[in-house]
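Take a look at the structure below.
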Amino acid sequence: MPLALAGLLGSVGCVTLVVIFVSLGIGLWLDLQFDTRPIFTVVLVLASIPVTIFLMVRLVLVGMQRINRRMGLLDSPQVRNGSREDE
């Protein structure tokens, strides 16, 4: 399980870097094309923040579901009832 969590966190970090660098690159390119130096770069980098947060949450939710399914935790009655205590 720790290895699966490390892989999940690594993929979240990579997606974060990719989204930020892509928005930075597109912003710099647009600023160069239209000769508006900081405007597009700042707007696109700021717009990438909510996109990155959304993608991070989705990746973690889907990844944790897969990890729990592999470990058999989703089929246990404690998880279905919302408690983790033994009855």
Within region 53-87, can you find the residues that are touching a helix residue (DSSP H, G or I) at 6+ places or on another chain (Cβ under 6 Å) and at pLDDT below 95?
Gly63, Ile67, Leu73, Leu74, Arg84
Take region 1-52 and flag every residue that is of a type in the set (A, V, I, L, M), modelled with pLDDT of 95 or more, closer than 26 Å to Gln65 by Cβ and surrounded by fewer than 12 Cβ atoms within 10 Å (Cβ to Cβ).
Leu17
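The values are calculated or read from the model by the stated rules, or taken from the named source; none is laboratory data. Being a predicted model, the structure only gives us computed values, none of them experimental. So basically every Cβ, Gly included, is an ideal-geometry build from the backbone, and we count neighbours across all protein chains shown.
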